[in-house]
1. Scan the range 86-101 for residues that are among the aromatic types (F, W, Y) and either surrounded by 15 or more Cβ atoms within 10 Å (Cβ to Cβ) or touching a Phe, Trp or Tyr at 6+ places or on another chain (Cβ under 7 Å) (or both) and report the count.
2. Looking for whichever is without any contact (Cβ under 8 Å) to a residue 24 or more places away in the chain, at negative phi and not aliphatic (A, V, I, L, M) here; the options are Y23, Y36, Y74. Which one fits?
3. Of the conditions (1) at pLDDT below 85; (2) touching a Phe, Trp or Tyr at 6+ places or on another chain (Cβ under 6 Å), T15 clears all except one; give me its number.
4. Applying the selection to the range 147-178, what residues are free of Cβ contacts under 8 Å to residues at least 24 places away in the same chain and surrounded by 15 or more Cβ atoms within 10 Å (Cβ to Cβ)?
5. Taking the range 102-112 only, how many residues are surrounded by 12 or more Cβ atoms within 10 Å (Cβ to Cβ) and either free of Cβ contacts under 8 Å to residues at least 12 places away in the same chain or more than 23 Å from L25 (Cβ to Cβ) (or both)?
6. Starting from residues that are in a loop (DSSP other than H, G, I, E, B) and in contact (Cβ under 8 Å) with a residue 12 or more places away in the chain, keep the ones in the range 113-135 and report whichever is nearest to A70 (Cα to Cα).
7. Considering the range 80-106 alone, what residues qualify as being assigned to a loop (DSSP other than H, G, I, E, B) and touching a Leu at 6+ places or on another chain (Cβ under 9 Å)?
8. Would you call P49 surrounded by fewer than 18 Cβ atoms within 10 Å (Cβ to Cβ), touching a residue at least 24 places away in the same chain (Cβ under 8 Å) and either in a helix (DSSP H, G or I) or not charged (D, E, K, R) (or both)?
Amino acid sequence: MESPPVRFWPLAAKTVVSHTLTYFLMGALAAHFLHYAALMSRPGSGMRPFTSPWVMAGPLFQPIRGLIFALVFYPLRASLFGRKNGWLLMSWMLVALGILSTFGPAAGSVEGMIYTPTPVLWQLRGWIEVVPQILLLSALLCAWVNHPGKKWVNWSLGILFFVAMALPVLGLLVRHPR
């Protein structure tokens with residue numbers, strides 16, 4: 001039985017949910033285990049403090065990134081979905097273009113390793129968070145798109161997405177101003 005063609009809006013919705021959930025999960029794990037609060041509060045870190053409303057609201061902006069990813073995945077859908085290793089191709093695309101080959105000297109990229117004084121091992125630390133997130137995103141999205149008839153998956157991921165969006169909102173609402 002051949003699977004139905006991949007349409008843009010269902011792909012966009014699944015990409016938004018998959019990206020946001022994997023971002024939220026890996027971000028929470030990395031924040032705890034990589035001690036982001038301490039790292040971000042260091043002078044000269046170039047980052048907003050962990051308690052900044054912008055940082056707290058970060059997950060709320062991830063649906064935008066998910067939509068951007070969907071705009072890339074859709075034209076490549078024949079190579080990514082309905083194939084045995086489509087998720088590996090998607091992962092490699094995201095690692096190659098999103099980490100290694102950025103157009104600017106971002107930490108962990110080839111340009112960052114060449115043009116910034118930040119030690120290479122320090123730059124590679126960020127890979128501990130982003131590479132697993134890319135693998136999870138790719139595996140979850142491809143599995144979900146390749147098996148569209150599982151309604152319990154739609155409901156479960158939809159509920160988790162709602163919770164992931166509600167938590168930052170609640171955190172911002174109860175936040176004590178400094």
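The values are calculated or read from the model by the stated rules, or taken from the named source; none is laboratory data. Small disclaimer: the values here were computed from a predicted structure and weren't measured. Quick reminder, even Gly has a Cβ in these numbers, built from the backbone with ideal geometry, and neighbours come from all protein chains shown.
1. Of the residues in the range 86-101, 1 are among the aromatic types (F, W, Y) and either surrounded by 15 or more Cβ atoms within 10 Å (Cβ to Cβ) or touching a Phe, Trp or Tyr at 6+ places or on another chain (Cβ under 7 Å) (or both).
2. Unique residue meeting the criteria: Y36.
3. The one condition T15 does not meet is (1).
4. V153, N154
5. Number of matching residues: 7.
6. Only one residue fits best here, namely G126.
7. F81, R83
8. no
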